[in-house]
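The values are calculated or read from the model by the stated rules, or taken from the named source; none is laboratory data. Model, not experiment: these values are computed from the prediction. Positions of Cβ are generated from backbone atoms using ideal geometry, with glycine treated the same way; all protein chains shown enter the neighbour counts. The accessibility values were calculated without ligands, DNA or RNA, using every heavy atom of the protein model including side chains. Shrake-Rupley method; radii C 1.70, N 1.55, O 1.52, S 1.80 Å.
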Amino acid sequence: MNRVVHPIEQESFRRLRARLDTSGFPPLTRAVVERVIHSAADLDYATDLVTTEDDLRRGHVALHAGAPVVVDVEMVAAGITRRDTVCRLREATSGPGLTRSAHAVRLAYEQVGPGALWVIGCAPTALEELLTLDADPALVIGLPVGFVGAAESKEALRASGLPAVSNVSEKGGSAVAAAALNALLYHPTSPEETP
C-alpha cells in the first residue's frame with residue numbers, strides 16, 4: 001500500500017533538497033539522512049550520521065519481512081508509524097548498577113530474541129545494555145541524546161561491528177530515532193515502487 005504524502009511534507013522535503021544536495025547518497029542512506037534532517041530541521045545530520053548502505057539494506061529487508069521493532073521509550077514508539085513496537089520500560093525496574101532503561105532492554109530481548117530492529121533514541125544506558133547481549137540484531141538505530149554517555153554509547157555501537165545507524169555527536173533523541181526507522185518503512189520494497 002502506497003503512503004499518501006501530505007503537501008506540507010512534500011514542500012518540506014523540496015526545501016531541504018534545495019538547501020542540501022543529497023543526490024550523492026545511496027538510496028537507503030539518502031532516505032534515512034533526509035528523514036532524520038526533516039525531523040529535526042538540522043542539516044548537520046548529513047555529516048553527523050554514521051551508517052552503511054549494506055547495514056540499512058539488511059534492516060530494510062528484515063523490517064519488511066516482519067522482524068520485531070524494539071524501542072527504548074514510548075516517545076520513540078509514538079513516532080513510528082505503520083508498525084507495532086515492543087517497549088518494556090513500564091515493566092522495568094532499576095537496581096544497583098542497572099537503570100530502568102537497561103532492564104527494559106533485557107526484558108525486550110527475552111520477549112523478541114535475535115533478529116529484531118532496535119530503535120534507541122533516549123537512553124544511552126539502553127544502548128549500552130543492548131551491546132552486552134548476544135542479540136544478533138537486524139539493525140540497531142542508536143541515536144540516544146544527552147551530555148552523559150550518549151556520544152560514548154554510540155561510539156561503542158560503531159566499534160561493536162553490529163549493523164547500525166548512529167551519529168558522532170551528543171545530539172539525537174526520540175524524533176530522529178523514529179524518523180530513521182520510518183525512512184526504512186516508507187522506502188519501496190521493489191524497484192517498481194516509487195519513493
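For segment 68-79, a residue qualifies if it is of a type in the set (Gly, Ala, Ser) and buried (at least 19 other Cβ atoms within 10 Å of the Cβ), and the qualifying residues are Ala77, Gly79. Scoring Arg30 on the criteria (1) farther than 23 Å from Lys171 by Cβ; (2) among the basic types (Lys, Arg); (3) under 18 Å from the mean Cα position of the chain (by Cα) leaves a single failure, condition (1). When each of Thr47, Thr29 is tested for being open to solvent by less than 50 Å² (accessible area, probe 1.4 Å), not in a loop (DSSP other than H, G, I, E, B) and not charged (D, E, K, R), the lone residue that passes is Thr29. Of the residues making up segment 57-79, those that are outside any loop (DSSP other than H, G, I, E, B) and either touching a helix residue (DSSP H, G or I) at 6+ places or on another chain (Cβ under 6 Å) or within 26 Å of Phe25 (Cα to Cα) (or both) number 14. Listed here are the strands (runs of 3 or more DSSP E) enclosed by segment 80-195 that have at least 3 residues being open to solvent by 50 Å² or more (accessible area, probe 1.4 Å) and not aromatic (Phe, Trp, Tyr), and there are none. Ala175 meets the conditions (1) over 18 Å from Val71 (Cβ atoms); (2) within 10 Å of the chain's Cα centre (by Cα) in every case but one. The failed one is (1).
Of the residues making up segment 45-72, those that are among the charged types (D, E, K, R) and without any contact (Cβ under 8 Å) to a residue 60 or more places away in the chain are Glu53, Arg57.
Candidates Ala65, Ala41: the one that is exposed (fewer than 11 other Cβ atoms within 10 Å of the Cβ) and on the phi > 0 side of the Ramachandran plot is Ala41.
Among the residues of segment 3-16, is there at least one that is in a helix (DSSP H, G or I), more than 22 Å from Ser174 (Cα to Cα), of a type in the set (D, E, K, R) and open to solvent by 80 Å² or more (accessible area, probe 1.4 Å)? First the steps, then the outcome.
Of segment 3-16, the ones in a helix (DSSP H, G or I) are 7-16.
Remaining after also requiring more than 22 Å from Ser174 (Cα to Cα): 7, 10-11, 14-15.
The next check asks that each one be of a type in the set (D, E, K, R); those that pass are 11, 14-15.
From the residues that got through so far, the ones that are open to solvent by 80 Å² or more (accessible area, probe 1.4 Å) too are 14-15.
The answer is yes, given that some residue of segment 3-16 is in a helix (DSSP H, G or I), more than 22 Å from Ser174 (Cα to Cα), of a type in the set (D, E, K, R) and open to solvent by 80 Å² or more (accessible area, probe 1.4 Å).
With the condition kept exactly as written, say whether any residue in segment 131-144 is touching a residue at least 24 places away in the same chain (Cβ under 8 Å) and more than 21 Å from Ala62 (Cβ to Cβ).
Checking segment 131-144: at least one residue is touching a residue at least 24 places away in the same chain (Cβ under 8 Å) and more than 21 Å from Ala62 (Cβ to Cβ).
Each residue in segment 47-76 was checked for being under 21 Å from Gly173 (Cβ atoms) and touching an Asp or Glu at 6+ places or on another chain (Cβ under 9 Å), and 2 of them qualify.
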